[in-house]
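Colleague: I'd like to ask some things about the structure below.
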Amino acid sequence: MNLSIQLAPKNKHGLLLANPVMTASGTFGYGTEYSHMFDIQKLGAIVCKGTTLEPRDGNPQPRLAETACGLLNSIGLQNIGVKAVITEKAPLWASWRVPVIVNIAGETIEEYAQLAGELDGVAGISGIEVNISCPNVKAGGAEFGANPDSAAAATASVRAATSLPVLVKLTPNTGDIAKIAMAVAEAGADAISLINTLKGIAIDIAKRRPLLGNITGGLSGPAIKPVALYMVYEVAKAVEVPVVGCGGITTASDAIEFIMAGASAIQVGTASFANPRAPLDVLEGIEQFMEKEGIKDLAELIGVARR
Ligand SMILES: Cc1cc2nc3c(=O)[nH]c(=O)nc-3n(C[C@H](O)[C@H](O)[C@H](O)COP(=O)(O)O)c2cc1C
């Protein structure tokens, strides 16, 4: 069976995954944290925690709240900063079979470009995933990904700063996600990942106050799966570049739904908190499904629900 997938067919380096199962940024650390739980080298790719120019402590506690079938988080991009990623993490990644993609976050276009430039050519880094769910400080705090112009500008700045494969990760907190996806593809994205978390809030009724220290948070987990699936379906229809589906994927059937909707690869996020082996379980389940259905190549499944 062939489960491999090329996520950056037009890029000179390419981004060849042995299989379509990736980890979602912020839910799998730097990969090392999970390496004693199962053989992480079996995965298609690992996406590391969102990385900023400087290290960040993140938002005030509490930063997590469970919801019905989901999780609200307001971590606030706590991370070690790009320099530590390059000096402390990348040398280890360079010895891995599984490709590692660095997720980046900036508050200005210039920050995105600088991050991409610093990561360019670093051994052990196979691609960049651009998180455009961050507030654009120069444009009054609206998310970069909330409109086609700022989404395209962030993408173009990264594209110009690196020859690495560039995945752009869309936010669901917008009106027309297909329009944003088209703008991002036009601006040079090799692939598009979606979705990031949906904005949400929880109230502590004993304290009569918002539960999260940051007041608002991002909703993830099974609760958002139908929304994510819909957005993948719409975006895969609108763009030629590969689409990576993410949002509530917990089982192999969830993953297969995303692939049938048009995703070339998928990411497992919140599911890893309850079951650290979830990405491997999903991969094994996809293999079993293909065997049972007599499917020789994963490509036969991509987008079949749309034909
Ligand atoms: C605790 C936590 C931290 C996250 N951190 C990031 C991040 O740093 N960058 C990013 O692009 N997405 C981040 N995400 C979003 C996930 O990568 C994913 O897009 C989202 O959770 C939906 O997938 P899921 O339902 O499978 O978790 C985070 C999600 C969670 C739950």
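Colleague: Mind checking which of Gln61, Gln78, Gln267 has the largest fluctuation in a GNM of the chain, springs on alpha carbons under 10 Å?
Modeller: Gln61
Colleague: If the cut-off is a Cα-Cα distance under 20 Å, which lysines reach Lys10, setting aside same-chain residues fewer than 8 apart in sequence?
Modeller: In chain and number order, the partners are Lys169, Lys237.
Colleague: Could you pull out every residue, at least 5 positions away or on a different chain, whose amide H is within less than 5 Å of the one on Thr51? Hs are placed 1.01 Å off N in the peptide plane, and Pro or chain starts have none.
Modeller: Asn103, Ile104, Ala105
Colleague: Quick one: accessible area per residue over region 216-290, 1.4 Å probe, rounded to a whole number of Å²?
Modeller: Heavy-atom SASA per residue in region 216-290 reads 33 Å².
Colleague: Can you give me the three principal axis dimensions of region 150-211 from its C-alpha atoms, in Å, biggest first?
Modeller: 52, 23, 17
Colleague: Another question, then. Using 1/(1 + (r/R0)^6) with R0 = 41 angstrom and r between the beta carbons of Met37 and Val137, what's the FRET efficiency to the nearest 0.05?
Modeller: Using R0 = 41 Å, I get an efficiency of 0.60.
Colleague: If you scale each eigenvalue of the Cα gyration tensor by 5 and take the root, what three semi-axes come out for region 61-157, rounded to whole angstrom and sorted largest first?
Modeller: 25, 21, 12
Colleague: Springs between alpha-carbon pairs under 10 angstrom, Gaussian network model over the chain: which of Leu77, Leu64, Leu17 fluctuates most?
Modeller: Leu64
Colleague: Label-point separation (nm) for Lys296 and Ala274, each offset 7 Å from Cα along Cα-to-Cβ?
Modeller: For the pair Lys296/Ala274, the computed spacing is 3.8 nm.
Colleague: Report the calculated FRET efficiency for Ser163 and Val304 (r = Cβ-Cβ distance, R0 = 25 Å), to the nearest 0.05.
Modeller: So, using R0 = 25 Å, E works out to roughly 0.15.
Colleague: Right, another one. Across bins of 10 angstrom width beginning at 0, how are the C-alpha pair distances of the chain distributed, in whole percent?
Modeller: 6, 30, 39, 21, 4, 0
Colleague: In terms of Cα to Cα distance under 15 Å, which aspartates and glutamates are near enough to Lys42, apart from those fewer than 8 places away along the same chain?
Modeller: Reachable aspartates and glutamates: Asp281, Glu284, Glu287.
Colleague: Another question, if that's okay. What translational diffusion coefficient, to the nearest whole µm²/s, does region 1-111 have by Stokes-Einstein, given a Kirkwood radius computed over alpha-carbon pairs, a temperature of 37 °C and 0.692 mPa s viscosity?
Modeller: Here the translational diffusion coefficient equals 210 µm²/s.
Colleague: Right, another one. At 1.4 Å probe size, with every protein chain present, just tell me what the per residue accessible area of region 72-180 comes to in Å².
Modeller: 35
Colleague: Taking K and R as +1 and D and E as -1, what net charge do the other residues with C-beta under 11 Å from the C-beta of Met1 add up to?
Modeller: Here the count lands on -4.
Colleague: Which percent of the accessible heavy-atom area of the chain goes to carbon and sulfur, probe 1.4 angstrom?
Modeller: Ligands and nucleic acids excluded, carbon and sulfur give 54 percent.
Colleague: Now, a different point. What is the calculated FRET efficiency for Glu240 to Glu287, with r their C-beta to C-beta distance and R₀ = 35 Å, to the nearest 0.05?
Modeller: Efficiency, rounded to the nearest 0.05: 0.80.
Colleague: Same structure, new question: Ordering Tyr34, Tyr112 by how much accessible area each has at a 1.4 Å probe, largest first, what is the list?
Modeller: Tyr34, Tyr112
Colleague: Which order do the peptides 118-129, 79-90 take when ranked by the mean count of other beta-carbon atoms within 10 Å per residue, highest first?
Modeller: 118-129, 79-90
Colleague: Moving on to the next point. Mind pulling up the Rg/Rh value for region 171-263? Radius of gyration and Kirkwood radius, both on Cα.
Modeller: My calculation puts Rg/Rh at 1.08.
Colleague: Follow-up. Can you give me the convex hull volume of the Cα atoms of region 95-239, divided per residue and expressed in Å³?
Modeller: Hull volume over Cα atoms, normalised by residue count, gives 141 Å³.
The values are calculated or read from the model by the stated rules, or taken from the named source; none is laboratory data. Since the structure is predicted, the reported quantities are computational estimates derived from the model, not experimental observations. As a convention, Cβ positions derive from the backbone with ideal geometry for all residues, glycine included, and neighbour counts pool all protein chains shown. The protein model used for the area step is the full one, side chains on, heavy atoms only, and it has no ligands, DNA or RNA in it. Shrake-Rupley method; radii C 1.70, N 1.55, O 1.52, S 1.80 Å.
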